[in-house]
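First comes the structure, then the notes that go with it.
The values are calculated or read from the model by the stated rules, or taken from the named source; none is laboratory data. All values reported here derive from a predicted model rather than from experimental measurement. Every residue, glycine among them, receives a Cβ derived from its backbone with ideal geometry; neighbour counts consider all protein chains shown. To get the accessible areas, we keep the full protein, side chains included, count just its heavy atoms, and leave off ligands, DNA and RNA. Shrake-Rupley method; radii C 1.70, N 1.55, O 1.52, S 1.80 Å.
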Amino acid sequence: MPLQIVHHPDYDAGFATNHRFPMSKYPLLMEALRSRGLAGPGALNTAEPAPAPWLKLAHAATYVDQVVSCSVPEKIEREIGFPVGPRVSLRAQLATGGTVAAARLALRYGIACNTAGGSHHARRAQGAGFCTFNDVAVASLVLLEEGAVQKVLVVDLDVHQGDGTADILGDEPRVFTFSMHGERNYPTRKIASDLDVALPDGTGDAAYVERLDTILPELSTRAHWDIVFYNAGVDVHAGDRLGRLALSDNGLRARDEMVIGHFRALGIPVCGVIGGGYSTDVPALAARHAILFEVASGFA
Ligand SMILES: [Zn+2]
């Protein structure tokens, strides 16, 4: 059984190539997965848009309706970082549906990944920081509502703090949110997760992996987790335009091996999402995101 991957061609909303958000990383990631033999017909699943009732489990009904009808107030669009037209609206619904689908596949097969997702700055009231809907928060609440899971762990290793996820799930005792991020990165006003670890600028592979190695066993003894959502943002990489940490490709690989290996050894399903990654060298960026899939396929 190959690694189950959820994808949709419309994850790419077709921004201009010089846009601050490197939208072309989505098709390039698929190319990278194909060239690595990871995107065969038995591996690919097509994402479907998340229906509004799912989105409203995590977000204010007014905001969901605004995104769906492409009538988001300009002030909020500015905080998101782009206007929410039909392609962006569809993309946000697809990426969220994709994480729900990947979570269901993870429950069935042990591990699955979405080729988008990790939009962790989207808060209950509105989107922010290139994030329209918070796919991981939506997926957690959908699975809980259905009774498919009782306890959810979010392991967010994107270089930015998971403020939106913390905002949405802060009062939800069935979900534990863990964020390890660069201390001096966006957002300046962080919203406390259940566990936050802030790392100094320039933290490299060795210190990063060592820190993670002490935290993972603490997380897995806190509860019996029915699923782990893993945000494998690659903006921790030294070559990233926004991150201030200094991981190498090998560091990324070691990180992903450590997280996935830890939870799979305990029999806990892992749903991987790609999270952030910003670079003008988009093929190099796509190759960084492909590492999650290479590592995950070793556990499928
Ligand atoms: Zn990020």
Exercise. What are the residues in the stretch 263-278 that are surrounded by 24 or more Cβ atoms within 10 Å (Cβ to Cβ) and within 16 Å of the ligand (Cβ to nearest atom), if any?
Worked result: GLY272, VAL273, ILE274, GLY275, GLY276, GLY277
For this session: Would you confirm whether any residue within the stretch 227-236 is closer than 21 Å to GLU257 by Cα and among the small types (Gly, Ala, Ser)?
Result: yes
For this session: Identify the residue in the stretch 178-196 that is touching a His at 6+ places or on another chain (Cβ under 9 Å) and among the polar types (S, T, N, Q) and, among all such residues, is nearest to the ligand (Cβ to nearest atom).
Result: ASN185
Exercise. If you go through the stretch 1-26, how many residues are open to solvent by 50 Å² or more (accessible area, probe 1.4 Å) and assigned to a helix (DSSP H, G or I)?
Worked result: 2
Exercise. Hey, does the stretch 29-40 have a residue that's open to solvent by 20 Å² or more (accessible area, probe 1.4 Å), without any contact (Cβ under 8 Å) to a residue 12 or more places away in the chain, assigned to a helix (DSSP H, G or I) and closer than 21 Å to THR96 by Cβ?
Worked result: no
For this session: Look through the stretch 162-177, keep the residues that are open to solvent by less than 40 Å² (accessible area, probe 1.4 Å) and more than 14 Å from the ligand (Cβ to nearest atom), and return whichever of them is farthest from the chain's Cα centre (by Cα).
Result: GLU172
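Given the options ARG244, ARG288, name the one that is basic (Lys, Arg), open to solvent by 10 Å² or more (accessible area, probe 1.4 Å), within 16 Å of the ligand (Cβ to nearest atom) and modelled with pLDDT under 95. Explain how you work it out, then say what you get.
Values: ARG288 fails: modelled with pLDDT under 95.
Within the list ARG244, ARG288, the selection yields ARG244.
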Exercise. Got a sec? Which of ASP281, ASP249, ASP213 is away from the ligand (no atom under 16 Å from the Cβ), touching a His at 6+ places or on another chain (Cβ under 8 Å) and open to solvent by 40 Å² or more (accessible area, probe 1.4 Å)?
Worked result: ASP249
Problem set entry | Residue identified as away from the ligand (no atom under 16 Å from the Cβ), out of contact with any helix residue (DSSP H, G or I) (no Cβ under 7 Å at 6 or more places or on another chain) and of a type in the set (Ser, Thr, Tyr) among SER89, SER71, SER140 | SER71
For this session: Pull up the stretch 115-133, narrow it to residues that are buried (at least 24 other Cβ atoms within 10 Å of the Cβ) and polar (S, T, N, Q), then point me to the one that is nearest to the ligand (Cβ to nearest atom).
Result: SER119
Exercise. ALA43 is checked against (1) under 26 Å from ILE168 (Cβ atoms); (2) open to solvent by less than 40 Å² (accessible area, probe 1.4 Å) and fails just one. What number does that condition carry?
Worked result: (1)
Seminar exercise, completed: Of the residues in the stretch 64-86, those that are in contact with a Phe, Trp or Tyr (Cβ under 9 Å, 6 or more places away or on another chain) and either exposed (fewer than 15 other Cβ atoms within 10 Å of the Cβ) or part of a helix (DSSP H, G or I) (or both) come to VAL64, VAL67, ILE76, ILE80
Exercise. Are there any pairs, at least 6 apart or on different chains, whose C-beta atoms fall under 9 Å, with the first in the stretch 95-112 and open to solvent by 10 Å² or more (accessible area, probe 1.4 Å) and the second modelled with pLDDT under 95, and if so, which?
Worked result: TYR109/MET1
For this session: For residues that are over 14 Å from TRP54 (Cβ atoms) and among the small types (Gly, Ala, Ser), tally how many sit in the stretch 88-101.
Result: 1
For this session: Find the residue count for the stretch 54-64, including only residues that are under 22 Å from VAL273 (Cα atoms) and of a type outside the set (Phe, Trp, Tyr).
Result: 6
For this session: Working only within the stretch 4-53, note down all residues that are closer than 16 Å to VAL88 by Cβ and in contact with a strand residue (DSSP E or B) (Cβ under 8 Å, 6 or more places away or on another chain).
Result: HIS8, ALA47
Seminar exercise, completed: Among the residues of the stretch 134-157, the number that are open to solvent by less than 20 Å² (accessible area, probe 1.4 Å) and small (Gly, Ala, Ser) is 3
